[in-house]
Amino acid sequence: MLTIVIAGGTDGIGRQLALQLIRNGERVIIIGRSSEKGEDLRREAAQLNGEDRFLFLQADLSLVSENILIVNEVNRRVHHIDQLILCAQDQKFSKVYRETKEGFEHHFALYYLSRFILSFKFQEQLKRSLAPLIINVCAPGVKEDIEWNDLQLQTQGPFNSIKAIMHGSGLNNLLGVALAQSSADTNIKYLLYNPGAVRTKGATEAFDNILIKLLVKLIYKIIGLPVQKAVEPILHFIKKPPEDSLTAYKQNKKLDIGQIIPNKNQSKRLLQLTLDLIKRKHGEFNIN
């Protein structure tokens with residue numbers, strides 16, 4: 001039985017994975033913001049005779065402090081983690097630059113910074129597994145230049161959440177490199193995974209404008225995968241992790257790391273900038 005942590009596991013891909021993993025007999029720890037959704041998921045796990053293998057932990061993963069609290073809580077409850085799946089994302093379209101109470105741009109904090117913290121802070125737990133794997137559900141293959149002087153897009157013209165998410169995808173690519181380099185002497189594997197267009201509620205309800213919402217639903221009906229289908233490659237990787245320390249896939253297609261991350265040497269630069277940001281706004285943060 002594997003012990004699998006899913007960050008952002010009460011909706012969409014994370015939720016579907018949780019239920020399928022319960023069916024498969026695995027132990028699942030879900031991290032999410034909504035206690036109501038967590039309780040709904042617990043009831044479904046109970047119907048699958050998996051309540052004893054299900055744990056929900058409530059946290060706002062856009063906050064550095066709550067990511068750290070979650071790591072400590074998971075460490076208190078389990079001896080090791082076999083796999084960490086990072087799914088948390090806010091797909092709601094917005095033109096408003098919004099900061100968390102800790103002073104980070106919301107999408108930067110949730111889509112990148114949370115993944116950064118959990119990836120590094122769970123390393124010790126993962127090292128105790130025979131075949132540890134981190135799956136970062138993001139968007140490898142989406143080409144986006146890094147704004148090195150403005151990682152949170154505070155001064156990059158009119159703000160919109162789509163641009164912030166695309167920028168976050170570029171950051172996550174380099175996070176994969178940084179994690180693979182830091183765990184080079186371990187057996188931890190890091191997988192950047194792009195599910196493509198998936199018919200989740202978050203995607204199809206992203207826009208408030210009625211006409212745009214209808215158009216998006218139509219597009220996703222044509223090109224989007226149902227969630228059950230979209231998680232199949234992820235379930236395959238869970239069962240049989242890649243052999244390389246860092247890999248990237250878009251659905252079932254393996255991507256060339258050299259092409260999607262042409263400047264891997266920049267990962268150290270991003271690592272230091274991220275640590276400096278956390279230190280400045282939150283306090284000392286050690287990844288070792």
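Does the range 131-288 come out rounded, prolate or oblate by the C-alpha gyration tensor, with a ≥ b ≥ c the root eigenvalues, rounded set by a/c under 1.5 and, if not, prolate when a/b is larger than b/c and oblate if not? Oblate shape, in that a/c is at least 1.5 and b/c is the bigger or equal ratio. Solvent exposure of the range 1-160 amounts to 43 Å² per residue of accessible area, where only protein heavy atoms count and the probe is 1.4 Å.
Between the exposed loop cleavage positions of the chain, defined as GluC sites (Glu not before Pro) in a non-H, G, I, E, B DSSP state with at most 16 neighbouring beta-carbon atoms within 10 angstrom, the longest gap is 1-101.
To the nearest 20 Debye, how big is the dipole of the chain about its Cα centre, given +1 on the beta carbon of each Lys and Arg and -1 on that of each Asp and Glu?
Numbers: 38 positive and 30 negative charges, 106 e Å.
It comes to approximately 520 debye.
Of all accessible surface on the range 1-119 at a 1.4 Å probe, what whole percent is carbon and sulfur? Walk me through the numbers before you get to the answer.
Working: 2110 of 4900 Å².
Answer for the range 1-119 is 43 percent, counting heavy atoms of protein chains only.
For residue 35 and residue 98, what is the calculated FRET efficiency with R₀ set at 22 Å and r taken between the beta-carbons, to the nearest 0.05?
Numbers: r = 23 Å, r/R0 = 1.03.
Plugging the Cβ-Cβ distance into 1/(1 + (r/R0)^6) gives 0.45.
Computed 3J(HN,Hα) for the range 77-93, one whole-Hz value per residue from the Karplus formula 6.51 cos²θ - 1.76 cosθ + 1.60 where θ = phi - 60°, is 8, 10, 7, 8, 10, 8, 8, 10, 10, 9, 10, 4, 6, 10, 8, 5, 6, glycine and proline marked x. Let a ≥ b ≥ c be the square roots of the eigenvalues of the Cα gyration tensor of the chain; is it rounded (a/c under 1.5), or, if not, prolate (a/b larger than b/c) or oblate? Rounded shape, in that the Cα axes give a/c under 1.5. Converting phi to 3J(HN,Hα) with the Karplus coefficients 6.51, -1.76 and 1.60 and the offset θ = phi - 60°, the range 265-280 yields 5, 6, 4, 5, 5, 5, 4, 5, 4, 5, 4, 5, 4, 4, 4, 5 Hz in sequence order, with x at every glycine or proline.
For the pair residue 236 and residue 201, a Förster radius of 22 Å applied to the C-beta separation gives a FRET efficiency near 0.35, rounded to the nearest 0.05. The radius of gyration of the Cα set in the range 130-169, together with its Dmax, comes out at 13.4, 47 angstrom.
Using 0.36 nm per residue, how much length does the chain from residue 281 to residue 75 gain when fully extended, once their Cα-Cα distance is taken away?
Details: separation 206, 0.36 × 206 = 74.16 nm, distance 2.48 nm.
Result for the pair: 71.7 nm of gain on full extension.
Using a/c under 1.5 as the rounded threshold, could you call the range 1-95 rounded, prolate or oblate? The axes a ≥ b ≥ c are square roots of the C-alpha gyration tensor eigenvalues, and prolate needs a/b larger than b/c, oblate otherwise. Intermediate results must be reported in sequence, preceding the final value.
Details: a/c = 1.82, a/b = 1.25, b/c = 1.46.
Cα axes put the range 1-95 in the oblate bin.
Do any chymotrypsin sites (Phe, Trp or Tyr not before Pro) in the range 110-159 lie in a DSSP loop with no more than 14 other beta carbon atoms within 10 Å, and if so, which?
On the way: sites: 111, 112, 116, 120, 122, 148, 159; in loops: 122, 148, 159.
Of the chymotrypsin sites (Phe, Trp or Tyr not before Pro), the ones in loops of the range 110-159 whose Cβ has at most 14 other Cβ atoms within 10 Å are 148.
In a reduced charge model with +1 at each Lys and Arg Cβ and -1 at each Asp and Glu Cβ, the range 27-154 shows a dipole moment near 360 debye about its Cα centre.
The values are calculated or read from the model by the stated rules, or taken from the named source; none is laboratory data. On a predicted model such as this, the values are computed, not experimentally measured, just so you know. Ideal geometry is used to build each Cβ from the backbone, glycine not excepted, and the neighbour counts take in all protein chains shown. Each accessible area value is taken on the protein alone, full model and side chains, heavy atoms only, with ligands, DNA and RNA left out. Shrake-Rupley method; radii C 1.70, N 1.55, O 1.52, S 1.80 Å.
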